[in-house]
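Novice: The structure that follows is given in the form of structure tokens.
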Amino acid sequence: QVQLVESGGGLVQPGESLRLSCTASGTFFNLYDMRWYRQAPEKQRELVATITRDERTTYADSVMYRFAISRDNAKNTVFLQMNSLKPEDTAVYYCNMPAVNSWGKGTLVTVST
């Protein structure tokens, strides 16, 4: 079973940036697509960004041009760089490895004045 551990969440003001990290246990990380999801209070979990094993990326319309997903296979880590944060970005952010249906426990991002 792959273990995923997210980090990097916190409280920021609108317009600021954060970088989330997700580190996976085990081997063959480089063979798997990785995703970031988020879930805001009283809302359904939504897909934010995907990076394939050959580093093609896709984004939700709501974060396009503000967020960037990347990966470092040598460190078994996927990142989510979040810029120009808005209050509506407030959510718990989850890392996901869809091939094995593994999820992290999430990291809370709060954007507020």
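The values are calculated or read from the model by the stated rules, or taken from the named source; none is laboratory data. All figures in this text were calculated on a predicted structure; none of them were measured in a lab. Note: areas computed on protein heavy atoms with side chains; ligands, DNA, RNA excluded. Shrake-Rupley method; radii C 1.70, N 1.55, O 1.52, S 1.80 Å.
Novice: Counting only protein heavy atoms and a 1.4 Å probe, tell me what percentage of the chain's accessible area is made up of carbon and sulfur.
Specialist: Carbon with sulfur: 47 percent of the solvent-accessible area.
Novice: Let me ask you something else. Give the span of the chain's Cα atoms along each principal axis, as three whole-Å numbers ordered largest to smallest.
Specialist: 41, 25, 22
Novice: Pulled fully out, how much extra length does the chain show between R19 and N101, if you take 0.36 nm times their separation in residues and subtract their Cα-Cα distance?
Specialist: Full extension from R19 to N101 adds 27.2 nm.
Novice: Something else now. Per residue Cα convex hull volume for the stretch 68-108, in cubic angstrom?
Specialist: Convex hull volume per residue, Cα atoms: 89 Å³.
Novice: For the chain, report the accessible area per residue in Å² (1.4 Å probe, heavy atoms, rounded to an integer).
Specialist: Here the residues of the chain average 56 Å² of exposed surface.
Novice: Under the Karplus relation 6.51 cos²θ - 1.76 cosθ + 1.60, θ = phi - 60°, what is the ordered set of whole-Hz ³J(HN,Hα) values for the stretch 20-32, x standing for Gly and Pro?
Specialist: 3J(HN,Hα) across the stretch 20-32, in whole Hz: 8, 10, 9, 10, 9, 7, x, 10, 6, 3, 5, 8, 10.
Novice: Can you run phi through the Karplus equation (6.51, -1.76, 1.60; θ = phi - 60°) for the stretch 74-91 and list ³J(HN,Hα) in whole Hz, with x for Gly and Pro?
Specialist: Computed from phi, the couplings for the stretch 74-91 are 5, 10, 6, 10, 10, 10, 9, 7, 10, 10, 6, 5, 10, x, 6, 7, 4, 4 Hz.
Novice: Related question: Roughly speaking, what is the stretch gain from D33 to N83, that is 0.36 nm per residue apart minus the C-alpha to C-alpha distance, in nm to one decimal?
Specialist: Roughly 15.7 nm would be gained on extension.
Novice: Which residue fluctuates most in the GNM of the chain (Cα springs below 10 Å): K86, K75, K43?
Specialist: Taking springs between Cα atoms under 10 Å, the residue moving most is K43.
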